[in-house]
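**Student:** Pasting in a structure now, in structure tokens, and then I'll have a few things to ask.
Quick note: the coordinates plus some simple rules give every number you see, no bench work behind them. As the structure is a prediction and not an experimental result, all values here were calculated from the model. Positions of Cβ are generated from backbone atoms using ideal geometry, with glycine treated the same way; all protein chains shown enter the neighbour counts.
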Amino acid sequence: MTKLLEGRTAIVTGAGRGIGRAHALELARHGAKVVVNDYGVSLAGEKEDSPAHAVVAEIEAMGGEAVVNGADVADFAAAEAMVQQAIDTFGGLDILINNAGFVRDRMLVNTSEEEWDAVIRVHLKGHFAPLRHAGAWWRAEAKAGRQRAARVINTSSGAGLQGSVGQATYSAAKAGIAGLTLVAAQEMGRYGVTVNAIAPVARTRMTEGAFDTSAMALPEDNSPVVAWLASEEAGDVTGRVIEIDGSVITVENGWRHGPSRDAGARWDAEKVGPALREMLAEAPVPEPVYGA
């Protein structure tokens with residue numbers, strides 16, 4: 001087996017179970033040293049024993065190197081300490097896989113403020129905080145003449161790209177992650193960092209309670225794409241969102257400028273309707289929201 005990631009160090013958040021666990025194992029198989037992060041919470045958000053120790057044991061059993069990290073990735077200081085743990089333990093950091101998250105599925109009008117805040121915090125701030133601290137270290141390394149071929153792979157979702165009925169909060173967070181990916185890719189490229197996102201499809205404990213998952217792909221079906229994006233070979237790919245659904249990989253197009261009209265002056269409200277209807281007729285029909 002070709003080891004794409006030999007000698008590289010990775011952090012994988014939310015790596016105790018599901019897709020994150022599969023990523024950690026796949027990266028280790030390709031030679032990466034892995035910081036296995038898992039805060040250890042139930043789907044209801046209650047603290048429980050972290051399964052990260054079992055993942056580390058699996059990696060060590062295959063001859064790899066890994067350590068446990070129990071940080072809450074949305075805690076700014078804890079995220080900084082997690083990045084520092086990778087640097088102190090393995091001598092640096094090359095790869096950040098932002099994967100941690102959970103759901104509070106509700107119809108919009110039934111969503112509480114606490115549910116909204118919790119989901120946005122873990123998904124969106126939980127991507128920002130590790131990325132911010134890893135990015136600052138990579139910038140410092142580049143300025144010191146030690147630029148690394150660094151890679152960030154964020155985790156968006158079809159819910160964030162096309163929307164999903166009953167998942168307004170989750171969809172908003174995942175859309176935010178896609179936007180964060182675009183900006184980070186542009187800002188951090190000068191330091192040798194690529195930033196991409198995946199929109200994985202998999203049967204996990206997060207999806208099993210929401211709908212019929214019997215035909216869905218397995219968590220590990222997503223990880224080979226992540227392993228390649230994390231490699232030095234992928235240095236020319238950045239600012240992309242890639243959906244993975246079993247054997248199908250799709251490059252998402254995202255928001256693009258479409259048909260337009262220029263009135264040459266401030267628009268009159270009466271003229272907006274006819275012009276906008278013309279443009280809507282010329283534009284592609286939006287993909288349906290999941291569950292619509």
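**Student:** If you keep only loop residues by DSSP, which trypsin sites (Lys or Arg not before Pro) in the range 61-154 have at most 15 other Cβ atoms within 10 Å of their Cβ?
**Tutor:** 146
**Student:** Give me the extension gain from residue 143 to residue 269: residue separation times 0.36 nm, minus the current Cα-Cα distance, reported in nm with one decimal. Walk me through the numbers on the way to the answer.
**Tutor:** Numbers: separation 126, 0.36 × 126 = 45.36 nm, distance 5.22 nm.
This chain segment gains 40.1 nm when fully extended.
**Student:** Let me ask something else. For the range 110-250, divide the Cα radius of gyration by the Kirkwood radius and give the resulting Rg/Rh value with two decimals.
**Tutor:** 1.01
**Student:** Give me the angle, in degrees from 0 to 90, between the Cα long axis of helix 269-282 and the longest principal axis of the Cα atoms of the chain, rounded to the nearest 10.
**Tutor:** Rounded to the nearest ten degrees, it is 60.
**Student:** Measure off 7 Å from each Cα along the Cα-to-Cβ vector at residue 287 and residue 107, then give the distance between these two points in nanometres to one decimal.
**Tutor:** Taking the simple label geometry, residue 287 and residue 107 are separated by 2.6 nm.
**Student:** Before rounding to the nearest 500, sum -39500 (n - 2.57) across all DSSP H runs of length at least 4 in the chain and divide by the residue total; then give [θ] at 222 nm in deg cm²/dmol.
**Tutor:** -12000 deg cm²/dmol
**Student:** Multiply the residue gap between residue 233 and residue 278 by 0.36 nm, knock off their C-alpha separation, and tell me the result in nm, one decimal place. Please list the in-between numbers first.
**Tutor:** Working: separation 45, 0.36 × 45 = 16.20 nm, distance 4.47 nm.
Length gained between residue 233 and residue 278: 11.7 nm.
**Student:** Now a separate question. For the chain, modelled as a GNM with alpha-carbon contacts under 10 angstrom, which of 279, 62, 216 fluctuates the most?
**Tutor:** Among 279, 62, 216, the largest GNM mean-square fluctuation belongs to 279.
**Student:** Could you state, as a whole-number percent, how many of the C-alpha pairs of the range 49-116 are farther apart than 14 Å?
**Tutor:** 71
**Student:** Could you calculate the contour length gain from residue 88 to residue 187, that is, 0.36 nm times the residue separation minus the distance between their Cα atoms, to one decimal place in nm?
**Tutor:** Full extension of this stretch gives 33.0 nm more.
**Student:** log10 I(q)/I(0), Debye, Cα-only the chain, no solvent, q = 0.13, 0.17 Å⁻¹?
**Tutor:** Cα-only, vacuum Debye calculation for the chain: -0.88, -1.41.
**Student:** Same structure again: Below 8 Å, C-alpha to C-alpha, sequence gap of six or more: please give me the relative contact order for the chain in percent.
**Tutor:** It comes to 17 percent, rounded to a whole number.
**Student:** What range in the chain is the longest one free of chymotrypsin sites (Phe, Trp or Tyr not before Pro) that are in a loop by DSSP and have at most 16 other Cβ atoms within 10 angstrom?
**Tutor:** 1-210
**Student:** Would you list 231, 112, 156, 260 from fewest to most Cβ contacts within 10 Å?
**Tutor:** With the sparsest Cβ surroundings first, the list reads 260, 112, 231, 156.
**Student:** For 23, 257, 123, what's the fewest-to-most ordering of other Cβ within 10 Å of each Cβ? Working shown, then result.
**Tutor:** Details: 23 33, 257 5, 123 29.
In order of increasing Cβ crowding within 10 Å: 257, 123, 23.
**Student:** Hey, another quick one. Hey, what angle do you get for helix 168-188 against the long axis of the chain, alpha-carbon based, 0 to 90 degrees rounded to 10?
**Tutor:** 70
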